[in-house]
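Visitor: Structure incoming, see below.
The values are calculated or read from the model by the stated rules, or taken from the named source; none is laboratory data. It should be emphasised that the depicted structure is a prediction, and the values quoted were computed from it without experimental measurement. Heads up, the Cβs are rebuilt from the backbone with ideal geometry, glycines too, and the neighbour counts pull from every protein chain shown.
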Amino acid sequence: MSYINSFMYKLEVEGDRLEDGSNNIYRITLDEWDKEFIFLPRDKVKGFLKKNKDEFENLCGVYFLINKEKKELYIGQGRIKERLIGHLRKKKFWDKVIIFLQNDRGFNKGQTEYWESFCLKILRKKEGWKLRNDKEEGQKNMSETDENILRKEAYPKVNGIFSILGYDFLEEETLEATQKKTQKLFREEKEKVAIYDKDYEISVFCTSRNIFAEGKYVPKDNKLKVLEGSSATINVNKSFRNHFLRDSLIKDKILKKQKNSYIFTKDKEFNSPSVAISIILGSPTSGPERWKVVNGMNLKTAIKNGLTKQNTLFSTKRYFSMNTVGISAKGYVIKDNKFVVLKDSCVRIDVVKSIENKYKKLKQKLIKKGVLSIRGDKSCYAFIMDYKFSSPSAAASVIAGRNINGRKSWKDEKGKFLGK
């Protein structure tokens, strides 16, 4: 028996032991835990299943199809024999498989779905590995209690076994490590910036359905201030964890309920971009990936691309937002009174009969060209890229679906209209 992460495991080679360890068949069991891991090279899967046909006839488990060289991965669950035979015919990319089982009887359907969903949740946030699962796969809802049990009790053992086999794709980055990495990036970029204020703020925003929020991010301490007037969703999903914080904001009337959303009645500082965005969207969300800077780039990408004096992070441009009939958009004025609407801004689906024909045709043109794409929930169209309009009024009219004066519709972060 050997030890890893303070628990004992037993590794056995099935069949002939080869000099190239990656072509051996391994069975790994853990002391006082009724789980088993089997490592198989692709060319040995058929022979292994034939040899152990009675054991695997109807055995259910979770499996990982892997190509380590190309860093490609597929996670699946179900009847192991049936699924692997099918994947040998249909999926050509993999050369190794790791099977995760419960000893003797295998997992039941619910358990395999939980494990598949839990692992996919980790992998979808992981950089470096290409996940070949469809987005719809692994959507099994887990209660917070079930997820905590997996994460605290079972996950360290599973991850430990994978590391023994030489795979790191299930290693989760801790919040502390993420924050340190982000702060390190900012420290490195500090040296590239000629004029630098250690307390500088980055303007950020977020749009989602009927929600629009703006904030100021401070790299020095990784804090984010959500600005007064920003909106937040009313409902939260099952995986949401910050109930106490959200309830206290409502109790203190910092969040005030309106028809379709909550509104921030004053500026509110949060300990990180992720905490701020989770309160706004009512679900656990990566702040660096969800918050966007003024050029439409997400915060994480903006940091990676480097901060320079010319970067729009330090731009002195005046940015404007527009909220009408549940639609939110953001943009800025450029030379000759033209107006640029930012990517992810929303556009009303229908138009009123009295709208000018030129705006109606322009909207149809944007849809045809793919500049506007309908959202998955069909609540609105959304810009898939920044788009330049001939005037603020043209932009506002297309977005609102009616004739509208842009100078009396677009507001800056202080609530002042464009025309002022």
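Visitor: Please state which of the following conditions PHE383 fails to meet, knowing it meets all the rest: (1) at pLDDT below 90; (2) of a type outside the set (Ser, Thr, Tyr); (3) touching a Leu at 6+ places or on another chain (Cβ under 8 Å); (4) not assigned by TED's automatic domain parsing to the domain that holds ALA213.
Guide: The number of the failed condition is (1).
Visitor: Within the bounds of segment 96-110, is there any residue that is outside the structural domain of LYS300 (by TED's automatic domain parsing), of a type in the set (Gly, Ala, Ser) and assigned to a strand (DSSP E or B)? Let's see the steps before the verdict.
Guide: At the first step, the residues of segment 96-110 found to be outside the structural domain of LYS300 (by TED's automatic domain parsing) are 96-110.
Pick out the ones that are also of a type in the set (Gly, Ala, Ser) and you get 106, 110.
When the remaining residues are screened for being assigned to a strand (DSSP E or B), the result is none.
Scanning segment 96-110 turns up no residue that is outside the structural domain of LYS300 (by TED's automatic domain parsing), of a type in the set (Gly, Ala, Ser) and assigned to a strand (DSSP E or B).
Visitor: Being outside any strand (DSSP E or B) and among the acidic types (Asp, Glu) is the filter; apply it to segment 204-261 and report the residue that is surrounded by the most Cβ atoms within 10 Å (Cβ to Cβ).
Guide: GLU228
Visitor: If only one of LYS71, LYS53 is at positive phi, assigned by TED's automatic domain parsing to the domain that holds ILE25, surrounded by fewer than 20 Cβ atoms within 10 Å (Cβ to Cβ) and in contact with a Lys or Arg (Cβ under 8 Å, 6 or more places away or on another chain), which one is it?
Guide: Values: LYS53 fails: at positive phi.
When all the criteria are applied, what remains is LYS71.
Visitor: Right, next: Being more than 25 Å from the chain's Cα centre (by Cα), closer than 17 Å to ALA329 by Cα and assigned to a strand (DSSP E or B) is true for just one of LYS363, LYS388. Which residue is that?
Guide: LYS388
Visitor: For residues in segment 357-415 being within 16 Å of THR324 (Cβ to Cβ) and of a type in the set (Val, Ile, Thr), which is surrounded by the fewest Cβ atoms within 10 Å (Cβ to Cβ)?
Guide: ILE404
Visitor: Tell me, please, whether a residue that is aliphatic (A, V, I, L, M), under 30 Å from HIS243 (Cα atoms) and either outside the structural domain of PHE383 (by TED's automatic domain parsing) or modelled with pLDDT of 85 or more (or both) can be found in segment 341-358.
Guide: We begin by selecting, within segment 341-358, every residue aliphatic (A, V, I, L, M); these are 341-342, 347, 349, 351-352, 355.
Okay, now just the ones that are also under 30 Å from HIS243 (Cα atoms), so none.
No, segment 341-358 has no match at all.
Visitor: Of SER239, SER230, which residue is closer than 17 Å to PHE264 by Cα and either of a type in the set (Ser, Thr, Tyr) or not assigned by TED's automatic domain parsing to the domain that holds LEU281 (or both)? Even if it seems obvious, please write down each step before you answer.
Guide: Values: SER239 fails: closer than 17 Å to PHE264 by Cα.
Just a single option satisfies the conditions, and that option is SER230.
Visitor: How many residues does segment 291-302 contain that are modelled with pLDDT of 80 or more and crowded, with 21+ Cβ neighbours inside 10 Å?
Guide: 3
Visitor: Go through segment 71-95 and give me each residue that's within 17 Å of GLU36 (Cα to Cα), basic (Lys, Arg) and in contact (Cβ under 8 Å) with a residue 24 or more places away in the chain.
Guide: Scanning segment 71-95 gives a single hit, LYS81.
Visitor: Within segment 395-409, how many residues turn out to be within 33 Å of the chain's Cα centre (by Cα) and at negative phi?
Guide: Qualifying residue count, segment 395-409: 7.
Visitor: Sticking with this structure for a sec: Quick check on segment 65-86: of everything there that is touching a helix residue (DSSP H, G or I) at 6+ places or on another chain (Cβ under 9 Å) and in a helix (DSSP H, G or I), which residue is farthest from PHE118 (Cα to Cα)? Before you say what the answer is, go through the steps one by one.
Guide: To start, the set of residues in segment 65-86 that are touching a helix residue (DSSP H, G or I) at 6+ places or on another chain (Cβ under 9 Å) comprises 65, 68, 73-81, 84-85.
Next, from what is left, pick out any that are in a helix (DSSP H, G or I): 80-81, 84-85.
Working: ILE80: 19, LYS81: 22, LEU84: 21, ILE85: 24 Å.
Once the filter is applied, the top-ranked residue is ILE85.
Visitor: I'm trying to understand the selection: among the residues of segment 321-369, which are of a type in the set (Phe, Trp, Tyr) and farther than 20 Å from GLY415 by Cα?
Guide: Matches in segment 321-369: TYR359 only.
Visitor: Here's a check for you: in segment 50-89, which residue that is among the aromatic types (Phe, Trp, Tyr) and modelled with pLDDT of 90 or more is nearest to LEU170 (Cα to Cα)?
Guide: So, considering only residues that are among the aromatic types (Phe, Trp, Tyr) and modelled with pLDDT of 90 or more, the one nearest to LEU170 (Cα to Cα) is PHE64.
Visitor: Of the numbered conditions (1) in contact (Cβ under 8 Å) with a residue 12 or more places away in the chain; (2) of a type in the set (Lys, Arg); (3) farther than 28 Å from LEU123 by Cβ; (4) touching a helix residue (DSSP H, G or I) at 6+ places or on another chain (Cβ under 9 Å), LYS253 satisfies every one except a single condition; which is it?
Guide: (4)
Visitor: From the list GLY415, GLY331, which residue is in contact with a Leu (Cβ under 7 Å, 6 or more places away or on another chain), over 17 Å from ILE211 (Cβ atoms) and not β-branched (Val, Ile, Thr)?
Guide: GLY331
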